[in-house]
Structures are given as structure tokens and as C-alpha cells.
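Worksheet for the structure shown next.
The values are calculated or read from the model by the stated rules, or taken from the named source; none is laboratory data. Quantities reported herein were computed from a predicted structural model and do not represent experimental measurements. Heads up, the Cβs are rebuilt from the backbone with ideal geometry, glycines too, and the neighbour counts pull from every protein chain shown.
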Amino acid sequence: MTMNIYDIEKAIEACVDKETGEIIDTEALDKLKMERDQKIENVACWAKNLEAEAKAIKEERMALAKRQLAAESKAKGLKRYLMEHMNGEKFHTARCSISYRKAQHLEIAENASIPDEFLKRTVTVDKAGLTKAIKDGGIIEGVSLVEGQSIQIR
């Protein structure tokens, strides 16, 4: 039966006399320490593998998004090409059919005066700017730098 790190720690504690601090079973203690080290190494390597997999997935997603945008752009250009050269003429074969329908789209002039009710604004926090301001001695109510630890696995 494999033990988790918590159980290994408890078993290590059981190898030491709580009152005197004397090691009761050195052989078991050595075995548990080796098992603990192996467990820690396995978990760390698993985390490294998962991070590498996540990075590869992210990179592939970004590459696919670029390919998607390129394909959409090319399709749009090809449709525009057909619109310009067919002048509303219908076309039909066994593999494709071209027809037209009425469509509307909104066109906004550069100098248009849009009422506020139709304006959408998104607010984002400049965390890097806030961090710099606080490091430079600024005081911003409700904002503080908190020290902590992060684990590095290589």
C-alpha cells in the first residue's frame, strides 16, 4: 500500500520517542525518509509534466487561433472577390450554390456623435502600475503588497 506524504510524516513521527526524542526504529525511519523523498520527487515531476502539457496546449491553441483567423479572413476575401465579379448573378453546381439575400450592417462615421447609453466601457486594473506605485511609496486605500512564497519546480 502506498502512503501519501501526510501518512509518511505521521509514520516518521512514530519512529521517534516523543518524550526523549530518541529514534525507536532507525531502519524504518530510513525507509520512510526514502519513501517520502521518492513521493515528493514523483509529485514534483508530475507537476512539471502537467505544466509542460498545459504550455503545449496553450501554444497549440494560439497556433490554431491564428490559423482560424487566417482561414476566416481568406474566406471573407474570396466571398468579396465573388461579389465583385458576379454582380448579383446566381450560380449553382453539384458542389456549390451561390445566391444572395438582403443584409444590413451598421456603419459609423468617424465623427459620429454616439449617445452615452450606447457606449460600452470596460474597466481593467493596471496591476503592474499599482505595484510600482506602492513600491515607490504610494499609499492607495485597500491596496497592499503581500509577501508570500511560490514553489519552483525545475
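Sort out which residues of the range 14-37 are loosely packed, with under 10 Cβ neighbours inside 10 Å and touching a Cys at 6+ places or on another chain (Cβ under 7 Å), and write them in order of number.
Keep residues of the range 14-37 that are loosely packed, with under 10 Cβ neighbours inside 10 Å, which gives 18-22, 26-27.
If the condition is that a residue be loosely packed, with under 10 Cβ neighbours inside 10 Å and touching a Cys at 6+ places or on another chain (Cβ under 7 Å), then no residue fits.
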inquiry  = Would you confirm whether or not the range 102-114 contains a residue that is exposed (fewer than 10 other Cβ atoms within 10 Å of the Cβ) and either assigned to a helix (DSSP H, G or I) or β-branched (Val, Ile, Thr) (or both)?
reply    = yes
query = Does residue 126 satisfy the criteria of being under 30 Å from residue 146 (Cβ atoms) and charged (D, E, K, R)?
reply = yes
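Out of 59, 51, report the one residue that is within 30 Å of the chain's Cα centre (by Cα), under 30 Å from residue 144 (Cα atoms) and either surrounded by 10 or more Cβ atoms within 10 Å (Cβ to Cβ) or at pLDDT 95 or above (or both).
51
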query = So which residues in the range 68-101 are basic (Lys, Arg) and part of a loop (DSSP other than H, G, I, E, B)?
reply = 90, 95, 101
key: the range 94-108 residues that are under 16 Å from residue 80 (Cα atoms), paired with ones that are of a type in the set (Lys, Arg) (beta carbon under 9 Å, 6 or more apart)   = 97/90; 98/90; 99/90; 100/90
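Quick test for you: out of 91, 118, pick the one residue that is among the aromatic types (Phe, Trp, Tyr), touching a strand residue (DSSP E or B) at 6+ places or on another chain (Cβ under 9 Å) and at pLDDT 90 or above.
Values: 118 fails: touching a strand residue (DSSP E or B) at 6+ places or on another chain (Cβ under 9 Å).
Going through 91, 118 in turn, the sole match is 91.
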query = Using beta carbons and a limit of 8 Å, which pairs, at least six apart or on different chains, have the first residue in the range 116-135 and surrounded by 10 or more Cβ atoms within 10 Å (Cβ to Cβ) and the second one of a type in the set (A, V, I, L, M, F, W, C)?
reply = 130/140; 130/143; 131/145; 133/140; 134/140; 134/143; 134/145
ask   = Which of the residues spanning the range 65-101 are surrounded by 10 or more Cβ atoms within 10 Å (Cβ to Cβ) and of a type in the set (A, V, I, L, M, F, W, C)?
value = 65, 69, 70, 71, 75, 78, 82, 83, 86, 91, 98
message = Being assigned to a helix (DSSP H, G or I), among the acidic types (Asp, Glu) and in contact with a helix residue (DSSP H, G or I) (Cβ under 7 Å, 6 or more places away or on another chain) is true for just one of 35, 13. Which residue is that?
response = 35
